[in-house]
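In what follows, a single structure is set out as structure tokens and then discussed.
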Amino acid sequence: MLKPVGASCNLRCKYCYYLEKANLYKDTPTRVISEEMLEDFTREYIGAQTMNDVLFTWHGGETMMRPLSFFKKAMEFQARYGRGRRISNAIQTNGTLLTDEWCRFIHDNNWLVGVSIDGPQEFHDEYRRTASGGPSWAKVMNGIRLLKKHNCEWNAMAVVNDFNADYPLEFYQFFKDLDCHYIQFSPIVERIVEHEDGRHLAHIQDNVEAPLAEFSITPEQWGNFLIAIFDEWVRKDVGNYYVEIFDCILANWVGETPGICAYAKECGHAGVMEFNGDVYSCDHFVFPEYRLGNIKNKTMVEMLYGEQQREFSRLKHDSLPQQCKECEWEFACHGECPKNRFLKDRYGNLGLNYLCSGYKKFFRHIAPYMDFMKNELLNQRPPANVMQHVDEIERNR
């Protein structure tokens, strides 16, 4: 994952975990990746891949604060160093800077676009504001309109917070009305700890008693939110609308590796490079303690496959507290993202996920449906068959 403008962004979303990362680089006035650094990264990144398919992921901050010419140059470098590899690009954006020119580029080069949008206007504008404090929803919707106009492939990333979590069906229906068939719901959980460099969000090593940020979702809200949407999805939308967390949990149910690291047994595959070449273990762990090195003096292979990153990967499973290891649902979530594992379990061991009770409620509810879909997959039948058997499954609960 590459941050071409670091933490710079044209919005000031109240819950953003990345905006304050600029405090790590206070002494660097120009926080954009240079063309020379871009070329070095491209060559190193392609060379570090072990498979023929190579995915470049562009993330922010707001990625489109770099001009389109920058990304055209990136594709030139990809072609120069690709050596016959199949190269794809995915870009995450808040959607406000999309133009016809951008969308033509995206379509013509088969880029995948992830748009950050938190549902209907009243939900989205609650926290996703412009730098001057104004609403941003209308600009995002215009960006989505342009993506659809140019037949671009796009999906939605929606943050679930203390406000919109209480309206799950309205939230879900909004994306269906947009004809958005790939949706990622991300629960926001942050704690407040003041750091000397000006950062105020906690990381996993900070005091367990650190207060939660006011926008954080509660475990009960998260569990109820997922259940309400799942009940709608399992009756009407399986195989048509893809909700990332449902796909990941089903993958775990059948013993496959899920598509995102949060629900995998081990993580460490989401390394991130900042604008100056600093590489960190994960997008959610851009802290000095998790810096792997810099591309100027270490290779990508050394950093992404070195002992420090391997240890980071192993710790996701190895650091699970006793309560998790005894849990009947451990296979389904693997403790979820380590950034949310800051509670003590019933034995007094640190490392229990803050959202644990919500996940347990969700897993208990969906278990018979997941069992059915697992059986369909194992017998090489489509899991969408579950929609025809919902009433039967409910009678047998």
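Tabulated results
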| quantity | calculated |
| --- | --- |
| Selection count, the stretch 338-366, where residues are assigned to a loop (DSSP other than H, G, I, E, B) and either more than 20 Å from Leu212 (Cα to Cα) or not hydroxyl-bearing (Ser, Thr, Tyr) (or both) | 9 |
| Subset of the stretch 233-246 [surrounded by fewer than 17 Cβ atoms within 10 Å (Cβ to Cβ) and either assigned to a helix (DSSP H, G or I) or touching a Lys or Arg at 6+ places or on another chain (Cβ under 8 Å) (or both)] | Arg235, Lys236 |
| Glu170, sole failed condition from (1) under 25 Å from Phe287 (Cα atoms); (2) open to solvent by 30 Å² or more (accessible area, probe 1.4 Å) | (1) |
| Hits in the stretch 186-209 - residues which are free of Cβ contacts under 8 Å to residues at least 24 places away in the same chain and not in a loop (DSSP other than H, G, I, E, B) | Ile192 |
| Subset tally (residues that are in a strand (DSSP E or B) and in contact (Cβ under 8 Å) with a residue 24 or more places away in the chain) for the stretch 289-337 | 0 |
| Filtered residues of the stretch 124-134 (kept if out of contact with any Lys or Arg (no Cβ under 7 Å at 6 or more places or on another chain) and open to solvent by 70 Å² or more (accessible area, probe 1.4 Å)) | Glu126, Ser132 |
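Here's the yes/no breakdown for (1) in contact with a Leu (Cβ under 6 Å, 6 or more places away or on another chain); (2) among the aliphatic types (A, V, I, L, M); (3) surrounded by fewer than 21 Cβ atoms within 10 Å (Cβ to Cβ); (4) without any contact (Cβ under 8 Å) to a residue 12 or more places away in the chain:
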{"residue": "Pro29", "(1), (2), (3), (4)": "no, no, yes, yes"}
{"residue": "Leu55", "(1), (2), (3), (4)": "no, yes, yes, no"}
{"residue": "Gly60", "(1), (2), (3), (4)": "no, no, no, no"}
{"residue": "Met65", "(1), (2), (3), (4)": "no, yes, yes, no"}
{"residue": "Ala79", "(1), (2), (3), (4)": "no, yes, yes, yes"}
{"residue": "Ser88", "(1), (2), (3), (4)": "yes, no, yes, no"}
{"residue": "Gly95", "(1), (2), (3), (4)": "no, no, no, no"}
{"residue": "Asp108", "(1), (2), (3), (4)": "no, no, yes, yes"}
{"residue": "Pro120", "(1), (2), (3), (4)": "no, no, yes, no"}
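The values are calculated or read from the model by the stated rules, or taken from the named source; none is laboratory data. Just so it is clear, the model here is predicted, and its values are computed rather than measured. Methodologically, a virtual Cβ is constructed for each residue, glycine included, from the backbone with ideal geometry; neighbour enumeration extends over all protein chains shown. These accessible areas exclude ligands, DNA and RNA; they are computed on the full protein's heavy atoms, side chains included. Shrake-Rupley method; radii C 1.70, N 1.55, O 1.52, S 1.80 Å.
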